[in-house]
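Novice: I'd like to ask you about the structure that follows.
We did not get these values from a lab; they are worked out from the coordinates using the rules stated. Keep in mind that this is a model prediction, so the values were computed, not measured. All Cβ positions, glycine included, derive from the backbone under ideal geometry; neighbour counts span all protein chains shown.
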Amino acid sequence: MSQSAKIIILDSGATAADGLSPDALAAANINPHTFLATDYLNHYNEMIMMIELLPDMPDCLEDIEQWAPKSYCDHFRDSTFHAKELAITAYGRAARHVRAHFEYVAKRLDARIERFTRQARRFHDDGNMDAFRLLCDEAAMRFSPLLDELSAIIHGTLDSSAHHDGILDHDHAQAEIDALFD
């Protein structure tokens, strides 16, 4: 991937006085180019790990139903992340279009998880355990592309030239998968 195809954004107003120097951000595990931290992905990774347990432990569905979407800032406010205030400040200083793209992808992932949860509950309550297990087994395919995209945005490695075509192809494939469960 060429350097010009990557989304690399620096907020030109960030200064060491803000605590947003590249060294301070890197030390806090916050990308000094995008001003985003990978710790936010834990909000989703924990959910995905629980979903992977569901085929063998269907009673965990109640725990999964307790999950709720969280904004980036809310995640850090509620976390034990050692540099949570810095993460929140840096997020506010990230380029607007990077934040907008990040939030768009996170909302799509939130919606997929919420839809999964409703479908899983319906299959579970109907006693359709074959469909329940299949839905759980397909969860990684449903969530991984968006989780990977969030990670690429955080790391500043998203190839923006391939991005739009990939979303269209992925959305079409996802619609076909979703149709199986409707």
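Novice: What is the extension gain from THR157 to GLU138, computed as 0.36 nm multiplied by their sequence separation minus the C-alpha to C-alpha distance, in nm to one decimal?
Specialist: Extending this stretch completely gives an extra 4.2 nm.
Novice: Arranged by the count of other C-beta atoms within 10 angstrom, fewest first, what order do GLU62, GLU114 take?
Specialist: Arranged by neighbour count, lowest to highest, GLU62, GLU114 become GLU62, GLU114.
Novice: A further question follows. Set the Förster radius R0 to 25 Å, insert the Cβ-Cβ distance between ASN29 and GLU103 as r into 1/(1 + (r/R0)^6), and round the FRET efficiency to 0.05.
Specialist: 0.75
Novice: Arrange the following residues from fewest to most other Cβ atoms within 10 Å of their Cβ: THR34, THR89.
Specialist: THR89, THR34
Novice: Fully extended, how many nm does the chain gain between MET129 and SER71 (0.36 nm per residue separation, minus their Cα-Cα distance)?
Specialist: 17.6 nm
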